1. If you plug each phi of the stretch 40-45 into the Karplus form 6.51 cos²θ - 1.76 cosθ + 1.60 with θ = phi - 60°, what whole-Hz ³J(HN,Hα) values come out, in order, with x for Gly and Pro?
2. Using a 7 Å offset from Cα along Cα-Cβ at residue 26, what residues in the stretch 56-79 end up with backbone N under 18 Å from the label point?
3. Roughly how big is the chain's charge dipole about its Cα centre, with Cβ charges of +1 (Lys, Arg) and -1 (Asp, Glu), in debye to the nearest 20?
4. Dividing the alpha-carbon Rg of the stretch 26-138 by 2.2 N^0.38 Å yields what?
5. Under 20 °C and 1.002 mPa s, how fast does the stretch 4-198 diffuse according to Stokes-Einstein, given a Kirkwood radius computed over C-alpha pairs? Answer in µm²/s, whole number.
6. Report the full-extension gain for the segment residue 60 to residue 98: residue separation times 0.36 nm, less the Cα-Cα distance, to one decimal in nm.
7. Considering only 88, 100, 155, whose Cα is most displaced toward the positive end of the charge dipole of the chain, charges sitting on Cβ of Lys, Arg (+1) and Asp, Glu (-1)?
8. May I ask for the equivalent-ellipsoid semi-axes of the stretch 136-199, computed as the square root of five times each C-alpha gyration tensor eigenvalue and listed largest first in whole Å?
Amino acid sequence: MSSSTVAAEAVGKEPARAVRMSGDERREQILAAARRVFAEGGFAATTDEVARAAAISQPYVVRLFGSKRDLFVETYRQAADEVVAVLSAAAQEDDPAEAMGRAYLELIEDRDLLRLLMHGFIASADDEVGRVARHCLGEAYRLFVAGTGAGPDEARQFVAFGMLLNVLVAVDAEAHRGEDGGMDALVECVFLATRRAQA
């Protein structure tokens, strides 16, 4: 009998039992940890850091995903697919332009998602990461055109404004107001434009 079982019985409690996860549940647990770790450290983060964040062994991470690159690609693909799925649903709403703008603002409130997307753009020299990044941007453009009937210029502005928002949130511009006059003016301009779009 283990010491934890003896101790639990001594105080009249049931001993804690380890929760057994299915392979799919464990895989999702690792991907969730990888999202946090890669959002923080980008491609430079290690499978050991991911394993620690998921509270499992590093060899298990490698056994499930192969190399760090394969894990990064899968994590990045999952994040990009989430963006595309949310924008696809928004494009079906009554006011697709407003819905897609609102949906994107809600997406980038998740700083891990946002920072992971930005790291993917940086790592896009990798063929597969680049393909996922290009597809995500292209689908944002295509979905806006298909959903709204907008012309190329308006759709380009939608994607470009989304990228600007990414960068401003990634550098935590709002929290550093007063540090740089030009940045303050840009944040205020973006804030006003976002409020007009939501009105």
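1. Per residue, the Karplus-derived 3J(HN,Hα) values read 7, x, x, 5, 6, 4 Hz.
2. 56-68, 71
3. Values: 22 positive and 32 negative charges, 137 e Å.
Result for the chain is approximately 660 debye, rounded to the nearest 20.
4. 1.12
5. Values: Rh = 19.0 Å.
Reported coefficient: 113 µm²/s.
6. 9.3 nm
7. Towards the positive end, the residue furthest out is 88.
8. Semi-axes from the Cα gyration tensor: 27, 13, 8 Å.
Bear in mind that the values in this text are calculations on the coordinates, not laboratory data. Bear in mind that the values here come from a model prediction, so they are computed numbers and not experimental data. Neighbour counts run over all protein chains shown; Cβ positions are idealised from the backbone, glycine included.
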